[in-house]
Structures are given as C-alpha cells and as structure tokens.
Amino acid sequence: MKNKKYTYSILKYQHSALLGESLNIGVLIYFPFIDKFIFKYSKNLSRVKAIYDIVSEKTIKHYLIQIDNCIEKLNRNELLDFDIEKFEYFDLFIDKFILPRDGSVLQFSKSKQSLLNNDNIDFTISYLINKFLLEKERQNSVASITKEPLLTRKFYGYLSNLDFEKININSDKFYKNYKVVNETGNEFNFDYAWQNGTLNLVKPLSFDLKEPKSIAEKAYKNFGLFTDLKNEAETNNLKYDLLIGKPESKELFREFDHALNLLNTLDKVDIILEDDIEKYSKKAIKALTFEL
C-alpha cells in the first residue's frame, strides 16, 4: 500500500442548527488505495430519542437505508464520474452522490484525512467507530454523552421565554454557541454565554460514568483544558460555568468528590451541580432582564 491515507466524515443527527445541538450516529470512510467506501452507523437509535423527545426514528432509518444503498452502488462503480481522490473535493462528492446538504436532520461533517493505523483497515474502522459513534464499545462514556445535552437543555429551558432580541438590542448580553480561541488557534465551543459583569460561558460536564477511573480521567482532562484557557478568561473577562452531572452509583461518589475538589481549585471556573441549575438559571434571568 503506497498511499496509506484515508478520508472520513461523521454523519450527525442535527436536532437544532440554531443551537448547534447534534449527535454522531454514523461514519463514512473512503480508502483510496483499494477504492472502497465503508459506512457504519449506530443501530440503536433509542439513545437519540432518550435525549431528544421529538425524533422521527422512521425518517432517520429511511436516510440511513438510502445512504447504505448509495454506498453499495459506489463500491460497484455504478455512480462515479467525480474525482474523489482529490481531498478538497470530497465534501462536494458527499453532497452530490451520498447526502445533499439541504437542511435535513442528518448531515455529514466536513471531511478529514488521516493515515491508516497499523496498516490494518479493520483496526482503523473499529477505531473510528469507537471514537465517534454512540455504539458503546465505549460503555464508560455513554452515560456522559447522553446526559450532557440534558444539563444545558435544563438551563436553557428556564430562559426560553425571554425576549433575547430585546435583551441584546443595545449590547450583546446572551450568546448561543460562543467560541473561545486559545493562543495556538484551537477553538472551544460553549453552548451558551450570558453577561453579568463577566461573560459567563456555560458548558455541561457529566460524571455519570461507569468506573472511578473514567471520572478521574475526565476531571484531569478538563482541569488541563481550563488551565489552558485561563489566559483567554483573564484577557476577555470570561468565567467558565460548568453544569455538573452527578454519578448515580454511590460507589463513585468518592471519586466524584475528588473531581469536584480538583476543578474547584481552578481560577475563572464555577461549579454548578445539576440540582442547582434552576437557581443558577434564575440568577442569569435576573442579570439579563435588569433594566429592561
């Protein structure tokens, strides 16, 4: 195999383009050195329905079947009249032959290119499935994936009746999908942000995992992240408000307390436990509606 590069794109269920709410449910991979497409997707769509109440499972399955059929035809060379080996055109290829970017609930992400792992195609496919999909070969993180959107939905639910156009008429006080860029150019997305002297960036962080080790790893990862973003907070008068999901198992409480103690040592970071989200939301409402 002279060329060991491959291209992949993530199929997302896009619940709200406005809020940027989406879940990964599939991955499309193209191996040019064997001229073959691979499409894998989550078989259990109940996890999507568990997060979003109004989901047409029938519609999603219809799209998935169409994509599957299209991939079969592509692998039989029945549709090709497009140079897919040129990486910069791969997104156009998806749009033309596989799934048009037409505002439907399923959309492919911008494609990426990588090198084959260990000269093994099956290993690479398994790696991408484990990294991106809801199928839980990764059982330790599934509860966190499903719970985190619920934390931000709970927060925004209390604010949803506000007149944001009126609130932002003189100056921006409330944001959706606020991005912070660190000094190396990496972007970090926060679901919401609201102004109260500081700009408070809201991000969910669930520790409802399966093992103590997973809680520790997630705590250390986020400790490093917000340590890295400290300079951005100081420069731009930001504060990071973390909506924390608790573990259900009592066996995990000790590691959870340790995780909270670690995160509480961070400057520019506030911890809001899920039981306190209503109180926190009322504080935001009071600040946003002051002098209206």
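Values for this structure:
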read-out: Relative contact order (%) - segment 164-266, alpha-carbon pairs under 8 angstrom, separation at least six; value: 26
read-out: Within-13-Å neighbourhood charge of E234 [Cβ basis; K, R +1; D, E -1]; value: -1
read-out: Measure of compaction for segment 205-258 (Cα Rg per 2.2 N^0.38 Å); value: 1.31
read-out: Restraint check, K40/K221; K58/K279; K61/K210; K36/K176; K43/K210; K110/K230, Cα-Cα greater than 32 Å; value: K58/K279; K36/K176
read-out: Of all accessible heavy-atom area on segment 159-269, the percent that carbon and sulfur account for (1.4 Å); value: 44
read-out: Environment charge of K218, counting only residues whose C-beta is closer than 12 Å and scoring Lys/Arg +1, Asp/Glu -1; value: -2
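The values are calculated or read from the model by the stated rules, or taken from the named source; none is laboratory data. Remember, it's a predicted structure, so these values are computed and weren't measured experimentally. Virtual Cβ from ideal backbone geometry, glycine too; neighbours counted across all protein chains shown. When the accessible area is computed, the model is the full protein with side chains, heavy atoms only, and any ligands, DNA or RNA have been set aside. Shrake-Rupley method; radii C 1.70, N 1.55, O 1.52, S 1.80 Å.
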